[in-house]
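The values are calculated or read from the model by the stated rules, or taken from the named source; none is laboratory data. Predicted model, so just to flag it, every value in this text is computed and none were measured. Ideal geometry is used to build each Cβ from the backbone, glycine not excepted, and the neighbour counts take in all protein chains shown. Heads up: the accessible areas ignore ligands, DNA and RNA and are worked out on the full protein's heavy atoms, side chains in. Shrake-Rupley method; radii C 1.70, N 1.55, O 1.52, S 1.80 Å.
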Amino acid sequence: MSLRGLIADIEARTMTLTAVNTPESIVEDLRDQYEDRHLTVESRSLPEEPEQFAILSREDAFVTAVSLDDIYQPPDAEPATETGVARSPILDHLDETLFTSYSIEEMFMASREIEDRAWRNGSGELHAGFQTLEVLGGQTDAYNQLGEHTSLSVHTYAAPVSDSPVVPDHDHFTLHIEHDEEIQKTWFVAYDGDGVDENMCALLAEERGDREFYGFWTYDPKTVEYLIGYLKTNYGSVEPAADIDADGDSHTV
């Protein structure tokens, strides 16, 4: 499954939260509460069930059921966590978060979250694709700094889009120059958590408009492992590539 195929697969994993015997005002609150999750919130009345509860399903298949008190955070209540949403059995099943229409600035900000996690842990593998060598060129200082961690292996992926591309300085990270359109059209950052499931995370998006991106965040270890495995299998080699700098000198990566 390609990178775009993985985005489509996440998009197709339709999940529905059905609030049973719940006032419509609370249903609306739930929609607001989970608006940044890949989740549709619906309501249903079951007269034979006096209690208010919620059912989580994936493509009409039952996943879990919880008390409404376990998932509902009233708008005027004190936040239960930094995000304002209490951890619950519902969130345990929502490992991916879809986003739409991210600008390039928002993509850089989102990427920083994963880069910071890799920096704090200081070990494992970090894989990042910035579409083109030009875009990557503006991030070389940050990635050279990341690569100075002796136990953190940093890999970047980018496509040349001119006849004389400038190859960024990459003393402390591995640069994979790829001519595949998939690399040019997708943006990703994935951290393997050095094998610790709780530390794994990834961001994957494709450019669908003029510098607007559609994709997902994930903390699901299987999805992160698949993404990194795909990159290492399909783009694992360091391809020789020459560029001519302002002095006319030739470089090999």
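Output the residue which, of all residues in segment 111-122 that are open to solvent by 40 Å² or more (accessible area, probe 1.4 Å) and touching a helix residue (DSSP H, G or I) at 6+ places or on another chain (Cβ under 8 Å), is farthest from residue 198 (Cα to Cα).
Only one residue fits best here, namely 119.
Name the strands (runs of 3 or more DSSP E) wholly inside segment 123-208 in which the number of residues that are of a type in the set (D, E, K, R) and open to solvent by 10 Å² or more (accessible area, probe 1.4 Å) is 3 or more.
none
Yes or no: segment 219-226 includes at least one residue that is touching a Cys at 6+ places or on another chain (Cβ under 6 Å) and either surrounded by fewer than 18 Cβ atoms within 10 Å (Cβ to Cβ) or free of Cβ contacts under 8 Å to residues at least 40 places away in the same chain (or both). There is at least one residue in segment 219-226 that is touching a Cys at 6+ places or on another chain (Cβ under 6 Å) and either surrounded by fewer than 18 Cβ atoms within 10 Å (Cβ to Cβ) or free of Cβ contacts under 8 Å to residues at least 40 places away in the same chain (or both).
Of the conditions (1) touching a residue at least 40 places away in the same chain (Cβ under 8 Å); (2) more than 24 Å from residue 6 (Cα to Cα); (3) in contact with a Gly (Cβ under 9 Å, 6 or more places away or on another chain), residue 164 fails just one. Which one is it? Of the numbered conditions (1) touching a residue at least 40 places away in the same chain (Cβ under 8 Å); (2) more than 24 Å from residue 6 (Cα to Cα); (3) in contact with a Gly (Cβ under 9 Å, 6 or more places away or on another chain), the odd one out for residue 164 is (3).
In segment 203-214, the residues that are farther than 11 Å from residue 99 by Cβ reach residues that are open to solvent by less than 10 Å² (accessible area, probe 1.4 Å) and part of a strand (DSSP E or B) with C-beta atoms within less than 6 angstrom, at least six apart or across chains, in these pairs: 206/186; 207/213.
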